[in-house]
1. One residue is enough: does region 119-130 have a residue meeting the conditions assigned to a strand (DSSP E or B), touching a helix residue (DSSP H, G or I) at 6+ places or on another chain (Cβ under 6 Å) and either modelled with pLDDT of 85 or more or more than 19 Å from residue 71 (Cβ to Cβ) (or both)?
2. So which of 28, 60, 101 is at pLDDT 90 or above, out of contact with any helix residue (DSSP H, G or I) (no Cβ under 8 Å at 6 or more places or on another chain) and closer than 20 Å to residue 118 by Cβ?
3. Would you pick out the residues in region 33-63 that are outside any helix (DSSP H, G or I), under 22 Å from the mean Cα position of the chain (by Cα) and in contact (Cβ under 8 Å) with a residue 60 or more places away in the chain?
4. Please work out which one of (1) modelled with pLDDT of 90 or more; (2) assigned to a strand (DSSP E or B) is the condition residue 70 fails and give its number.
5. Starting from region 104-117, take each residue that is at positive phi and touching a residue at least 12 places away in the same chain (Cβ under 8 Å) and list its partners that are surrounded by 14 or more Cβ atoms within 10 Å (Cβ to Cβ) and part of a loop (DSSP other than H, G, I, E, B), counting only C-beta distances under 7 angstrom and pairs at least six apart or across chains.
């Protein structure tokens, strides 16, 4: 009986060390250029700043640098699920931190998203946030930026 118990315990330990290992995401930057006809750099800068403020809905997502003259905005964005510990389960952290850099000039904007950190347990059936979900969320963020920047700029209020 002890041998069976020891073999079962060893196999579970090996599964936890290999099948549920913490994985990292490739850090290749994703770049998209969006043309915005007849738009001035100043207006595009304000619009890109507004998009970042509206999109950064987590206190861990921050705008780190802004320079209106060069048309540059950079920030860090937290994607993912963080579940707090409760009486039924320990805390689970599965997340992606990405760096976002936006450059604007007359008639165009460029957004660069580079994953900085990604953490999840591969093979864990309770993983709430996988690499595929992170990649999907990054693509949705790019689409959100494109749609926001291509909407008409209205100066009247």
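1. Filtering region 119-130 for residues assigned to a strand (DSSP E or B) gives 119, 121.
Then drop every residue that is not touching a helix residue (DSSP H, G or I) at 6+ places or on another chain (Cβ under 6 Å), which leaves none.
Looking for residues that are assigned to a strand (DSSP E or B), touching a helix residue (DSSP H, G or I) at 6+ places or on another chain (Cβ under 6 Å) and either modelled with pLDDT of 85 or more or more than 19 Å from residue 71 (Cβ to Cβ) (or both), one finds none in region 119-130, hence no.
2. Exactly one of 28, 60, 101 is at pLDDT 90 or above, out of contact with any helix residue (DSSP H, G or I) (no Cβ under 8 Å at 6 or more places or on another chain) and closer than 20 Å to residue 118 by Cβ, namely 101.
3. 33, 34
4. Tallying (1) modelled with pLDDT of 90 or more; (2) assigned to a strand (DSSP E or B), residue 70 fails exactly one: (2).
5. 107/36; 107/39
The values are calculated or read from the model by the stated rules, or taken from the named source; none is laboratory data. It should be emphasised that the depicted structure is a prediction, and the values quoted were computed from it without experimental measurement. So basically every Cβ, Gly included, is an ideal-geometry build from the backbone, and we count neighbours across all protein chains shown.
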